Each structure stands twice: as structure tokens, then as C-alpha cells.
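Q: The structure under discussion is supplied below as C-alpha cells; questions concerning it will follow.
The values are calculated or read from the model by the stated rules, or taken from the named source; none is laboratory data. Note that this is a predicted model, so its numbers are computed, not measured. Note that we place each Cβ from the backbone using ideal geometry, even for glycine, and neighbour counts take in every protein chain shown.
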Amino acid sequence: MSERPPAPRKVITVIELPRRTIVTIVLVVGFIWLGWQLWSLGVLLVIATLLAAAGDQFVQRMEQRGRSRGQAVGILLTGVVVALAVLGLLVVPPLVVQGQRLAEGLPDYVDKLNHLLDGFPTIQDWLQENADQASLEPGQLFGSFLSIGTGVISGIANIIITLALTFYILLDGPRLFEWSISRLSPEQQDRARRVRVEVTRTVGGYVRGQSIVSLCFGIFTLITCSIAGVPEPLLLAVLAAMLDAIPQIGATLATIPIVVLALTVSPLTAIIVLALFIAYQGVENYVIVPRVFGATLQIPAIAILIAVLIGARLLGVVGALLALPIAAAIPAVVRAWPLRPPDDDPSDDAALSVERG
């Protein structure tokens, strides 16, 4: 009589996790969730840091003239608040009026363009579809640029929060920085200070320079559109100044709606406006930008493009705007914190090895 084979044993695997591992996993998940919930505040903090870097040079000059850091920061913040208030009173009301007027008159502009695009039915259908959507929901045409009600209140709150963060970063930034590097060795502290100076100079120079370049482009757009009779020139000028801050593609994006609206005046007007904007972009790229930025930005064009694409992918337009100053800080860190100490000379090491041999 044959014996029955033994029944297979059931193997039960018990995974025991230490309490510390469980707590670590929970904390990591909690930090990820918290970061996801507070990412908008993080963006405001990055913007405030860039603005603080732009204003740090002014604060240092005031300190050299005998002012305390608190007084210098107060003078700078007061000037910025007054400038924003005056700009808001002068620009925002007509900007809202022009935005609403453009949204209401968009179907008429599309009708004018249809006569010029009789041989392109696909483009005509696309224009008519977007015009119908804009006429039904004009507030969605410009999104956050011309939002009203809650959007306006949220925008004002974000501006106030950003200014407050900028104020505290300017006021307590050096003290917090010294505290953060206090545990480093003296040599590493010196390197960290060089990094801070270099990054502040580079990023601050970019923010100030880009503000000048965008202002020049906005003024040029306002003058050109006003003379050419393009509808809503102030709205187009503000949009152009904001888009010009996007590296490489911003000015081109700003030119497209301007030329399209110029077509509603006449084809000749659109051709003249397009030629003027192409000429201005050449002047901006080869005259204005080199003089404004100088040697501040030492970044290859391919690196700029990659940084803009990554920033746009992560945070949209805001990410594209923040990409270049953040990318500009990387070469500044490399220059200020080299891989080898500045006192080390490779030739000295080679000579030493020869003597030991």
C-alpha cells in the first residue's frame, strides 16, 4: 500500500515594521500632502525671495549712507507701495473698461476678419466659435488678468502677502542666513557668504533688468498701437509687458494678438505693425538687453529654453516667468562655490607628488 504524499505546508509571511519606520513613512506622506496643499504659498515665497534679491542692493547702499537696515527696508517698501497704488489708480480702471469693451466687441472684430479670410473656412469657423464663447462668457476671455469679484480680492491679497514676505526677507534675511551657516566650518561659511553675494547680484540684476526691458516693450506697444489705431492699446501694452518677461517666446506671443487686432483696422496697418514689432525685437535683443543685463546672465540659449519648458510644464505661465532667474542662480553658485578651494593649485599637488616619489 502506497503512502500518501504529505500535505503541503502553508507558509505565512509576517512583515514586521519597526515603529520608527511607520512614523517616518507617515511623516513623509504628511509632508508631501502639506507641500501639495501649500504649493501656491511656496510660489509666493519664491517670488518674494526674487524681489528681495532685487531690492537688496538698494538696502545695502542705504546702509552705507548711515541708515539702519530697518529704515532702508521701510523706505524701499514705502516707495514700492506708493508706486503700486498710483499705478493701480491710473491703470486698473481703464484696463478693466478696455477688457470688457474688447470682450463685448469681439464678435464685430471676428466679422471684420471673416471678410479677410474668405479663402480659409477652417480659420473662420475657429474664430466664430471662440467669438461665440467670449460673447456668452466674456469674463473667461482673459482669465486671471481681468477677473473680478473674488479673483480681484485674491489677487490683492496675494500682492499684500508677497510684499510682506519680501519685507521680512529683506529685514531678517542676513540674520537667518548667518544662523543657518553657523554650524559650518569657517572655510565653508566664507564660501556660503560668497554664494549669497553672487546669487543676490545675479538674480537681483535679472529682476531689475527684466523690469526695465518689459517696461520699454510695454511703452513701445502703447505708443505704436495708439498711433496705428489698434483697439484697446492699454490692454495690449500691459499684456505685452507681462508676456515679454517670458524668455525667448514672450515677445512673439505678445505680438500675435496685436497683429490680429490690427487686421481689424486694415491689412496695411497689420503689416506696418508687424514690421515695427519685428524691428523692435531686433533692437531689444541686440541693443537693449545687452546694455541692461550686461554680464549678469551667463546662460546658454539651450539652457534658457530647457528651463522655460520645465517651468511652464510645472507651473504654467508663472513657472515660465520664474524659470530664468532660478536657472541664473545655478551658474552663480558654481562660480562662488568651486569644486576645489580657490587656494588649491593643481600644479602644487603635482609637484608634491613628485617630491614624495
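Q: Could you go through the stretch 36-44 and let me know if any residue there is in contact with a Leu (Cβ under 8 Å, 6 or more places away or on another chain) and in a helix (DSSP H, G or I). Quick ask: steps written out before the conclusion?
A: If we filter the stretch 36-44 for residues that are in contact with a Leu (Cβ under 8 Å, 6 or more places away or on another chain), which is where we start, we get 43-44.
Retained after the next criterion (residues that are in a helix (DSSP H, G or I)): 43-44.
Checked against the condition, which is being in contact with a Leu (Cβ under 8 Å, 6 or more places away or on another chain) and in a helix (DSSP H, G or I), the stretch 36-44 yields at least one hit.
Q: What's the number of the condition Arg201 fails, among (1) surrounded by fewer than 20 Cβ atoms within 10 Å (Cβ to Cβ); (2) within 18 Å of Ile288 (Cα to Cα); (3) in contact (Cβ under 8 Å) with a residue 40 or more places away in the chain?
A: Among (1) surrounded by fewer than 20 Cβ atoms within 10 Å (Cβ to Cβ); (2) within 18 Å of Ile288 (Cα to Cα); (3) in contact (Cβ under 8 Å) with a residue 40 or more places away in the chain, the lone unmet condition for Arg201 is (2).
Q: For the stretch 226-245, how many residues are out of contact with any Gly (no Cβ under 9 Å at 6 or more places or on another chain) and under 18 Å from Gly209 (Cα atoms)?
A: Going through the stretch 226-245 one residue at a time, the tally reaches 1.
The rows are residues; the columns are (1) surrounded by fewer than 19 Cβ atoms within 10 Å (Cβ to Cβ); (2) among the small types (Gly, Ala, Ser); (3) closer than 29 Å to Leu84 by Cβ; (4) not assigned by TED's automatic domain parsing to the domain that holds Leu84.
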| position | (1), (2), (3), (4) |
| --- | --- |
| Arg175 | yes, no, yes, no |
| Pro186 | yes, no, no, yes |
| Gln189 | yes, no, no, yes |
| Arg193 | yes, no, no, yes |
| Arg196 | no, no, yes, yes |
| Gly205 | no, yes, yes, yes |
| Arg208 | yes, no, yes, yes |
| Ser211 | yes, yes, yes, yes |
| Gly218 | no, yes, yes, yes |
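Q: Which of the following residues is within 28 Å of Ile306 (Cα to Cα) and touching a residue at least 24 places away in the same chain (Cβ under 8 Å): Val265, Val213, Val260?
A: Details: Val265 fails: within 28 Å of Ile306 (Cα to Cα); Val260 fails: within 28 Å of Ile306 (Cα to Cα).
On inspection, the qualifying residue turns out to be Val213.
Q: Restricting attention to the stretch 332-342, does a residue exist that is modelled with pLDDT of 80 or more and either part of a loop (DSSP other than H, G, I, E, B) or within 20 Å of the chain's Cα centre (by Cα) (or both)?
A: Within the stretch 332-342 (the criterion being modelled with pLDDT of 80 or more and either part of a loop (DSSP other than H, G, I, E, B) or within 20 Å of the chain's Cα centre (by Cα) (or both)), the answer is no, since none of the residues qualifies.
Q: Which one of Val273, Val292 is surrounded by 13 or more Cβ atoms within 10 Å (Cβ to Cβ), within 20 Å of the chain's Cα centre (by Cα) and among the β-branched types (Val, Ile, Thr)? Steps first, answer last, please.
A: Numbers: Val273 fails: within 20 Å of the chain's Cα centre (by Cα).
Only one candidate qualifies: Val292.
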